[in-house]
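Structure first, then comments.
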Amino acid sequence: MAKKSQSHASKSSTLSTGGEPISKVGAKSTAGKRKPAGKSRTKAAQAVRKAPQARPPRAPGEIRYWLVKSEPDVFSIDDLAKAPQKTTCWDGVRNYQARNMLRDEMLVGDQVLFYHSNAEPPGIVGVCKVVQAGYPDHTAWDPNDKHYDPKSKAAAPTWYMVDIKLVKKFRKELPLPELKQVPELDGMVLLQRGSRLSVQPVEKPHFELILAMGSTK
């Protein structure tokens, strides 16, 4: 569902779009100018550090943990609670790195933190679970959908989504500023500087701590 991150899906869909959009407005031409090699290498290294690290292959029966983002005025956790069977597809993701996680890594039974982005304050508001693994995102083929992508075809889909079901809404939101003050969450992708992906991996100890925090607030 494209509801949850920087690109958003309509309320009929439900997920988040994947990462920071690239804007050409105000960009300056660099034609004829040589960039210092040192700066280029530094920026490349920073990009690598910001990217979530690849995980080893799953052990049989292993459950993994994730976080998805949605703007609450587009699709909130309360909207998910009102959906049929408290379930929705996470469509509208248009970032390749996030797409790969939806398509290749998220499996039935995986646990998912639901994050309200672009809110005041943003924060984690509940827990969901994956009830259908990755399959083609049909909104990419609909010219009337805001996430339409003419390059994606039904015979060779570019974009994927999963279905998630609400497990629990926290009694109180866990705001991002508060999470940043918890030493035990050090290293969590969400809290890393420049972290913009709408779909993110979460380590089990971080997930369990956040679940405990959400249950006692």
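Against the condition over 13 Å from W66 (Cβ atoms) and more than 18 Å from the chain's Cα centre (by Cα), how does P157 come out, does it pass? Here the answer is yes, as P157 does meet what is asked.
Candidates are the residues of region 60-104 that are in a loop (DSSP other than H, G, I, E, B) and among the β-branched types (V, I, T); the one that is nearest to the chain's Cα centre (by Cα) is V93. If you check L209, L174, L190, L166 for being surrounded by 13 or more Cβ atoms within 10 Å (Cβ to Cβ) and over 18 Å from the mean Cα position of the chain (by Cα), only one passes: L209. Among strands (runs of 3 or more DSSP E) entirely within region 117-217, having at least 1 residues that are modelled with pLDDT under 95 and either of a type outside the set (K, R) or at negative phi (or both) singles out 160-175.
The values are calculated or read from the model by the stated rules, or taken from the named source; none is laboratory data. As the structure is a prediction and not an experimental result, all values here were calculated from the model. Note that each Cβ is placed from the backbone with ideal geometry, even for glycine, and that neighbours are counted across all protein chains shown.
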